Amino acid sequence: MPGVEPDNQRALVTLLLALTDRYGRGFAVSGTQAEQIVKKLADGYEQAYYSGLIGERKAKAQLAHGAPGSGFNAHDLITKAMQHYEKAEALRPAGNDDALLRFNACARIMMKNNLTARPQENYEPALE
């Protein structure tokens, strides 16, 4: 088809943002589609930054849902998002502080919601 650009970077970012915006709105949206889009982004900074955004938005949706264990799930997602933002920060274009700002927003989410890691469960093997 004329005019179709399957690898148009702006279009991919717009689609990714639209998909992740739906996480907190009660739609059953898989993160897999957004993660596949991130892989199509040509720039390493954008891959890291938008991977962080996916995790951050998933975490916010977990917190909004409020199901049992959602705080632990949100902690895991926010932690991974922060790791992606750290990677993006190292790759950022000069003068672009977006990854640092998102990292700080994640830290505030962790503090505001008192998010902690899931406790390690120690199971003893069953005696046979």
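Bear in mind these aren't lab numbers, they're just calculated from the coordinates by the rules spelled out. These figures come from a predicted structure and were not determined experimentally. Quick reminder, even Gly has a Cβ in these numbers, built from the backbone with ideal geometry, and neighbours come from all protein chains shown.
What the table shows:
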quantity	calculated
With Cα atoms, 0 to 90° folded angle of helix 44-65 axis to the chain main axis	50 degrees
Chymotrypsin sites (Phe, Trp or Tyr not before Pro) within the range 23-128, DSSP loop, no more than 12 other Cβ atoms inside 10 Å	Phe27, Tyr123
Net charge over other residues, Cβ less than 13 angstrom from the Cβ of Phe103 (K, R count +1; D, E count -1)	0
In sequence order, calculated HN-Hα J values of the range 73-89 (Karplus, 6.51, -1.76, 1.60; Hz; x Gly/Pro)	4, 4, 4, 4, 5, 5, 4, 5, 4, 5, 5, 5, 5, 4, 5, 5, 4
The chain: calculated mean residue ellipticity at 222 nm from DSSP helix runs of at least 4, using -39500 (n - 2.57)	-21500 deg cm²/dmol
Extension gain, Ala64 back to Arg10 (0.36 nm per residue minus Cα-Cα distance, nm)	16.5 nm
Listed values [x] -0.63; [y] -0.40; [z] -0.52, entry calculated as log10 I(q)/I(0) by the Debye sum over Cα atoms at q = 0.12 Å⁻¹	[z]
Sequence ranges 57-66, 7-16, ranked by mean other-Cβ count within 10 angstrom, highest first	57-66, 7-16
